[in-house]
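To start, the structure itself, in C-alpha coordinates.
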Amino acid sequence: MNGMGCKIILVFTVGMIFAVSLMKSVSVTVAWWNGGQAAGHWEWFWIGILPVLAFVFFRYYSIFRPGCRACISPKEELNKHHMSPGAP
(Lines give C-alpha, C1' and ligand atoms only; values in the text may rest on other atoms or scores of the structure.)
Protein backbone atom coordinates (compact mmCIF):
# COMPACT_ATOMS: atom_id res chain seq x y z
CA MET A 1 0.00 0.00 0.00
CA ASN A 2 1.34 3.42 -0.89
CA GLY A 3 1.80 6.35 1.49
CA MET A 4 -1.40 8.13 0.46
CA GLY A 5 -3.53 5.04 1.11
CA CYS A 6 -2.00 4.61 4.57
CA LYS A 7 -2.64 8.26 5.35
CA ILE A 8 -6.29 7.98 4.31
CA ILE A 9 -6.78 4.88 6.46
CA LEU A 10 -5.05 6.56 9.41
CA VAL A 11 -7.14 9.74 9.13
CA PHE A 12 -10.34 7.69 8.84
CA THR A 13 -9.41 5.56 11.86
CA VAL A 14 -8.55 8.58 14.01
CA GLY A 15 -11.79 10.29 12.95
CA MET A 16 -13.85 7.23 13.85
CA ILE A 17 -12.12 6.90 17.23
CA PHE A 18 -12.85 10.58 17.88
CA ALA A 19 -16.52 10.24 16.87
CA VAL A 20 -17.11 7.11 18.95
CA SER A 21 -15.32 8.67 21.93
CA LEU A 22 -17.44 11.81 21.70
CA MET A 23 -20.67 9.79 21.55
CA LYS A 24 -19.58 7.56 24.45
CA SER A 25 -18.59 10.58 26.52
CA VAL A 26 -21.91 12.33 25.89
CA SER A 27 -23.97 9.21 26.68
CA VAL A 28 -22.08 8.48 29.93
CA THR A 29 -22.31 12.12 31.02
CA VAL A 30 -26.04 12.34 30.31
CA ALA A 31 -26.69 9.06 32.16
CA TRP A 32 -24.69 10.30 35.13
CA TRP A 33 -26.41 13.70 35.07
CA ASN A 34 -29.85 12.06 35.11
CA GLY A 35 -28.85 9.85 38.03
CA GLY A 36 -29.17 6.61 36.08
CA GLN A 37 -25.54 5.62 36.47
CA ALA A 38 -23.08 5.70 39.34
CA ALA A 39 -19.77 7.29 38.43
CA GLY A 40 -16.84 4.91 38.74
CA HIS A 41 -13.28 5.47 37.53
CA TRP A 42 -14.03 4.98 33.83
CA GLU A 43 -17.19 7.03 34.00
CA TRP A 44 -15.24 9.94 35.53
CA PHE A 45 -12.75 9.58 32.68
CA TRP A 46 -15.54 9.95 30.08
CA ILE A 47 -17.15 12.81 32.01
CA GLY A 48 -13.82 14.61 32.34
CA ILE A 49 -12.80 14.16 28.70
CA LEU A 50 -16.10 15.56 27.35
CA PRO A 51 -15.03 19.26 27.47
CA VAL A 52 -11.83 18.43 25.57
CA LEU A 53 -13.70 16.46 22.90
CA ALA A 54 -16.35 19.19 22.62
CA PHE A 55 -13.63 21.84 22.18
CA VAL A 56 -11.92 19.82 19.43
CA PHE A 57 -15.25 19.26 17.69
CA PHE A 58 -16.30 22.91 17.75
CA ARG A 59 -12.80 24.16 16.86
CA TYR A 60 -12.03 21.86 13.94
CA TYR A 61 -15.12 20.00 12.69
CA SER A 62 -18.28 22.06 13.20
CA ILE A 63 -19.75 24.88 11.17
CA PHE A 64 -18.88 27.18 14.09
CA ARG A 65 -15.13 26.87 13.47
CA PRO A 66 -13.21 29.99 12.48
CA GLY A 67 -13.14 30.56 8.74
CA CYS A 68 -15.92 28.12 7.91
CA ARG A 69 -17.49 28.92 4.55
CA ALA A 70 -20.16 26.21 4.58
CA CYS A 71 -23.02 28.71 4.67
CA ILE A 72 -21.75 30.97 1.89
CA SER A 73 -23.54 30.46 -1.41
CA PRO A 74 -21.35 29.83 -4.46
CA LYS A 75 -22.54 33.12 -5.97
CA GLU A 76 -21.38 35.12 -2.92
CA GLU A 77 -18.07 33.31 -2.87
CA LEU A 78 -17.44 34.13 -6.54
CA ASN A 79 -18.33 37.79 -5.91
CA LYS A 80 -15.82 38.00 -3.05
CA HIS A 81 -13.04 36.61 -5.26
CA HIS A 82 -13.77 38.99 -8.16
CA MET A 83 -14.18 42.22 -6.18
CA SER A 84 -11.59 44.93 -6.56
CA PRO A 85 -9.03 45.27 -3.71
CA GLY A 86 -10.45 48.61 -2.51
CA ALA A 87 -14.11 47.55 -2.48
CA PRO A 88 -15.81 46.86 0.87
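The C-beta contact set for segment 16-29 (first residue touching a residue at least 24 places away in the same chain (Cβ under 8 Å), second residue of a type in the set (Val, Ile, Thr), distance under 6 angstrom, 6+ apart or interchain) comprises Ser25/Ile49.
Residues in segment 38-57 that are surrounded by 14 or more Cβ atoms within 10 Å (Cβ to Cβ) and under 10 Å from Val28 (Cβ atoms): Ala39, Glu43, Trp46, Ile47, Ile49, Leu50.
Please find, within segment 46-66, the residue that is modelled with the highest pLDDT out of those that are among the aromatic types (Phe, Trp, Tyr) and touching a helix residue (DSSP H, G or I) at 6+ places or on another chain (Cβ under 9 Å).
Taking segment 46-66 first, the residues among the aromatic types (Phe, Trp, Tyr) are 46, 55, 57-58, 60-61, 64.
Going one step further and asking which of them are touching a helix residue (DSSP H, G or I) at 6+ places or on another chain (Cβ under 9 Å), we end up with 46, 57, 61, 64.
Numbers: Trp46: 93, Phe57: 90, Tyr61: 84, Phe64: 79.
The extreme case among them is Trp46.
Restricting the first member to segment 62-74 and to residues that are without any contact (Cβ under 8 Å) to a residue 60 or more places away in the chain and closer than 22 Å to Ala19 by Cα, and the second to residues that are of a type outside the set (Gly, Ala, Ser) and exposed (fewer than 10 other Cβ atoms within 10 Å of the Cβ), the beta-carbon pairs closer than 9 Å and six or more apart or on different chains are Ile63/Cys71; Ala70/Ile63.
Please tell me if Val30 is surrounded by 11 or more Cβ atoms within 10 Å (Cβ to Cβ) and at pLDDT 95 or above. It is false that Val30 is surrounded by 11 or more Cβ atoms within 10 Å (Cβ to Cβ) and at pLDDT 95 or above.
The values are calculated or read from the model by the stated rules, or taken from the named source; none is laboratory data. The structure displayed is predicted, hence computed values, not measured ones. Using ideal geometry, Cβ is built from the backbone for each residue, glycine included, and neighbour counts are taken over all protein chains shown.
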